[in-house]
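Data first, discussion second: the structure below is written as structure tokens.
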Amino acid sequence: MPIPVPYDFSGASRLGRCACAPIALVAVALCGCSITLGSLSPSSEPREEPPQLTSSSNIASLSETIKNNPNDPQAYNMRGSVLAQAGKTEDALADFNKAIALDPNYGQAFANRGLIYRKTKRLDQAMSDYERALALDPGYAPAWLGRGMVYKARNQGPQALEDFNKAISLRPDNAEAYYNRGLLYQGEKQHEFAIADFTTANSLSPQLAEPLVARALSYLASDKAKEAAADLDDAVQSDPQNVQAWITRGLAYERLGDKTKAAGSYGRAINLRPKDEAARTGFARVGGKAGQTYETF
């Protein structure tokens, strides 16, 4: 569950969504769904960017800037950032390569290229770029966070924890660092610490579902099903397409003895991902029946 280090440009935000999806296998009524849209300071790997950042016109404008300033590494870094957010990974990589070729001491471009490598599972290259970025600028928090994510992907928990701690000390407003440190604590069954970090991540980025789902899992592991259900109520309204949130919500309400809401939640997950075994097993376990309508709220 990623909340997913941002590419180095400003203005990123995420939008909440609230919509009822078409009914498929199970009839589920999603009632009372409403959320307040909010802004988000840049964190790591935003899932959804405003149109002004990733639109073709914005890319065209940056391309025109590069045409007029072909030796400007910042222009390539900026366009690479926007291309990456638009999903044009290889084009973005080419721009970061060009920015680094023009300025071999451009630490932010190394960190941005490191993120491309990390997202495409080229972990050795990602590690090399993050370490180069940190050598150039030891105070650059996104590089500490990015390297920590590589350590985390390699199951090197102590090294990841050290890097997340450093990232937080440099940028205490970065929800991604708290979220990922919380995941490390959760993996070690240190749920009190995990809950604290997920709470901070949620306070910094309240419109995101991932910290709420993660905190709910730690609440469930701590036998606090009521608190977990409250978090998951918020999570599925923030992100109605989040299958994991619906499945976990089903488990929370199952533990609370509310089989109707549990069946509705599992059913909603089945509608979104029909072959999900956890959703189907949960739905059957609480007595759910295909074709029956369940209110989720």
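Values in this text are rule-based calculations from the coordinates and carry no lab data. All values derive from a computational prediction rather than experimental measurement. Using ideal geometry, Cβ is built from the backbone for each residue, glycine included, and neighbour counts are taken over all protein chains shown.
Among residues other than G287 whose Cβ falls under 11 Å from its Cβ, what is the net charge (Lys/Arg +1, Asp/Glu -1)? Here the count lands on +2.
Here each label is just a point 7 Å from Cα along the line to Cβ, and for S61 and T293 those points are 4.7 nm apart. With 21 Å as the limit, the listed pairs K226/K259; K189/K259; K226/K261; K261/K289 have K189/K259 beyond it between alpha carbons. The string of couplings for segment 190-204 from the Karplus curve (6.51, -1.76, 1.60, θ = phi - 60°) is 8, 5, 5, 5, 4, 4, 4, 5, 5, 5, 5, 4, 5, 5, 7 Hz, one whole number per residue in order, with x for Gly and Pro.
Applying the Karplus relation 6.51 cos²θ - 1.76 cosθ + 1.60 with θ = phi - 60° to segment 65-78 yields 3J(HN,Hα) values of 4, 5, 4, 7, 9, x, 10, 9, x, 5, 5, 5, 5, 5 Hz, where x marks Gly and Pro.
Peptide packing for 178-187, 250-259, 105-114, 270-279 was compared via the average number of neighbouring C-beta atoms within 10 Å per residue; ordered from the highest value, the list is 105-114, 178-187, 250-259, 270-279. Summary of packing: across the peptides 136-149, 162-175, the per-residue average of other C-beta atoms within 10 Å ranks them, highest first, as 136-149, 162-175. Within segment 174-297, the percentage of alpha carbon pairs spaced more than 18 angstrom apart rounds to 49%. Scoring 211-221, 122-132 by mean Cβ neighbours within 10 Å over their residues and listing the highest first yields 211-221, 122-132. The residues packed around A153, meaning those with a beta-carbon under 9 Å from its beta-carbon, carry a net charge of +4 if Lys and Arg are +1 and Asp and Glu are -1.
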